[in-house]
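The values are calculated or read from the model by the stated rules, or taken from the named source; none is laboratory data. Remember, predicted model here, so these are calculated numbers, not experimental data. Note: ideal-geometry Cβ built from the backbone for every residue, glycine included; neighbour counts use all protein chains shown. Keep in mind that these areas ignore ligands, DNA and RNA; they rest on the heavy atoms of the full protein, side chains included. Shrake-Rupley method; radii C 1.70, N 1.55, O 1.52, S 1.80 Å.
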Amino acid sequence: QVQFVESGGGLVQPGGSLRLSCAASGSIFGIYTMGWYRQIPGKQREWVATITRGSTTNYEESVKGRFTISRDNAKNTVYLQMNNLKSEDTAVYYCNGAGFTSWGQGTQVTVSS
């Protein structure tokens, strides 16, 4: 099964931006839907955004207008551009393909002044 490695997280001030990357160990062309998810310690992992092979996107309500998901099938990489970050965006961010059950280590995003 294809595995994913997330990167690009860090510490950023409120209102700042980060771009997360998700590199796949194999081709993602055959994975119809790719998504980003996030988890706060002590809480369940939640969905953030998804993108289909045809580049149709969907976003969780709280990130609409601030986050943009994209995919580069040639590079087997999925991105999450996060703008106007808020403290409530602080979490570990993961990517995965629809139906995949194995998760990577994620990348920590901390929004704090």
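Tabulated results
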quantity	calculated
Some residue of region 6-13 being acidic (Asp, Glu) and open to solvent by 70 Å² or more (accessible area, probe 1.4 Å)	no
Given (1) modelled with pLDDT under 95; (2) within 19 Å of GLY106 (Cβ to Cβ), index of the condition GLY35 fails	(1)
Qualifying position, being hydroxyl-bearing (Ser, Thr, Tyr), within 12 Å of LEU20 (Cα to Cα) and open to solvent by less than 30 Å² (accessible area, probe 1.4 Å), among TYR79, TYR93, TYR37	TYR93
Verdict on GLU46 being of a type in the set (Asp, Glu) and surrounded by 13 or more Cβ atoms within 10 Å (Cβ to Cβ)	no
Meets criteria (of a type in the set (Lys, Arg) and either within 21 Å of VAL12 (Cβ to Cβ) or open to solvent by 40 Å² or more (accessible area, probe 1.4 Å) (or both)) for ARG66	yes
